[in-house]
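Colleague: Could you have a look at this structure, given as structure tokens, before my questions?
Just so it is clear, none of the values below were taken in a lab; they were calculated from the coordinates. Computed from a predicted structure; not experimentally measured. Methodologically, a virtual Cβ is constructed for each residue, glycine included, from the backbone with ideal geometry; neighbour enumeration extends over all protein chains shown.
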Amino acid sequence: MRIATWNVNSLAVRLPQVLDWLNTSPVDVLCLQELKLSDDKFPLAEVQAAGYHAAFFGQKTYNGVALLSRSPVHEVVHNLPGFADDQARVITATVDAPLGDVRVINGYFVNGQAPGSDKFAYKMAWLDAMQAHVRAELARSPRLVLLGDFNIAPEDRDSHDPEGLRDTIHHTVEERQHFQSLLAHGLHDAFRLFDQPEKSFSWWDYREFGFRRNRGLRIDHILVSEALRPMVVACDVDRAPRKNERPSDHAPVIATFHVPQ
DNA sequence: ATGACGGTGTGGCACCGA
């Protein structure tokens, strides 16, 4: 079984690439971020024709998340309970996975712009609410995956320039402490369960040939709960879609689970 | 260097992302 996350930076623009990718990489669950479209514009017919169920939570222009699944999706929750937010950033749902029900939290974490800004304060408050959400979900659903665009580079090795970018957005101590707090709930960074090449990233700046020069960040993550950890057999970034004409600035990240007999 | 690049909106550019 495979679960993937991909920030598509406009599903209206990227839908053909998403459908192509699902053809060549038929994952069981695909979580999308930055749809940038309202729910009435969600391409449900195309997604269903590709063989997927879908839960989606969008808005015009910004944000928006969706969960595509080969098997039915239920118990869908929008955004973070108790945290009033006019931005569509989280969708939580249960999927009937081949290895049993799995609770999936798909998040488009706040960018935060710059430390000290209003947007950074919003990022911190949002992260507090996400911590509470994860705690509550984990208490009810031990088999849990938290994935998406975290907008946090957890460690220096997750940045192309950790010295030059020290204490800038994605690299601050506060953001990294939040990432560690998520791990402290008993979640594991699936990517780091395995040996990985140095300078492995999931996002590259559109400008200045960022991808060609591998000037990127690893900010898209798949965290798995303790109960699921023994089943994870691989986690990789698929850089191929970043080579498309008119690509998203993010590449998909895929976690592969072994289903016990 | 507040710029590059790319997406969106109702625009002739500004705002936002990361």
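Colleague: Taking the Cβ of each residue in A:Met124, A:Met1 as the centre, tally the other Cβ atoms inside 10 Å and list the residues starting with the fewest.
Modeller: In increasing order of surrounding Cβ atoms, one gets A:Met124, A:Met1.
Colleague: Based on other C-beta atoms within 10 Å, arrange A:Thr94, A:Thr5 from fewest to most.
Modeller: A:Thr94, A:Thr5
Colleague: Another question, if that's okay. For A:Val95, A:Val173, what ranking results if the residue with the fewest other Cβ atoms within 10 Å of its Cβ goes first?
Modeller: The most exposed by this proxy come first: A:Val173, A:Val95.
Colleague: For a test of understanding, tell me how many lysine pairs in chain A have Cα atoms under 22 Å apart, given they are 8 or more places apart or on different chains.
Modeller: 8
Colleague: Along the stretch A:169-186, what does the Karplus equation 6.51 cos²θ - 1.76 cosθ + 1.60 (θ = phi - 60°) give for ³J(HN,Hα), rounded to whole Hz, x for Gly and Pro?
Modeller: 4, 6, 10, 6, 4, 4, 5, 5, 5, 4, 4, 5, 5, 5, 5, 5, 6, x
Colleague: Semi-axes, largest first, in whole Å: what does sqrt of 5 times each Cα gyration tensor eigenvalue give for chain A?
Modeller: 24, 21, 20
Colleague: While we're on this one: With all distinct Cα pairs included, what does the Kirkwood hydrodynamic radius of the stretch A:70-194 come out to in Å, to one decimal, could you say?
Modeller: 15.5 Å
Colleague: Further question: If R0 is 22 Å, what FRET efficiency do you get for A:Asp205 and A:Gln87 from their C-beta distance, rounded to 0.05?
Modeller: According to the calculation, E is roughly 0.45.
Colleague: In whole Hz, what ³J(HN,Hα) sequence does the stretch A:48-61 give by Karplus (6.51, -1.76, 1.60; θ = phi - 60°), x for Gly and Pro?
Modeller: Rounded to whole hertz, the list is 5, 5, 7, x, 10, 7, 8, 10, 9, 8, x, 7, 5, 6.
Colleague: With just the Cα atoms defining each centre, how far is the stretch A:28-80 from the stretch A:120-190? Give it in Å.
Modeller: Using only Cα atoms to place each centre, the spacing works out to 23 Å.
Colleague: Of all DSSP beta bridges located in chain A, what percent are antiparallel, nearest 5?
Modeller: 80 percent
Colleague: With charges set only on the Cβ (+1 for Lys and Arg, -1 for Asp and Glu), what does the dipole of chain A come to about its Cα centre, in debye to the nearest 20?
Modeller: That gives chain A a dipole magnitude of about 340 debye.
Colleague: Between A:Leu228 and residues 5 or more places away or on another chain, which pairs have amide H atoms under 5 Å apart, with H built 1.01 Å from N, and which residues are they?
Modeller: Excluding prolines and chain starts, which carry no amide H, the hits are A:Leu144.
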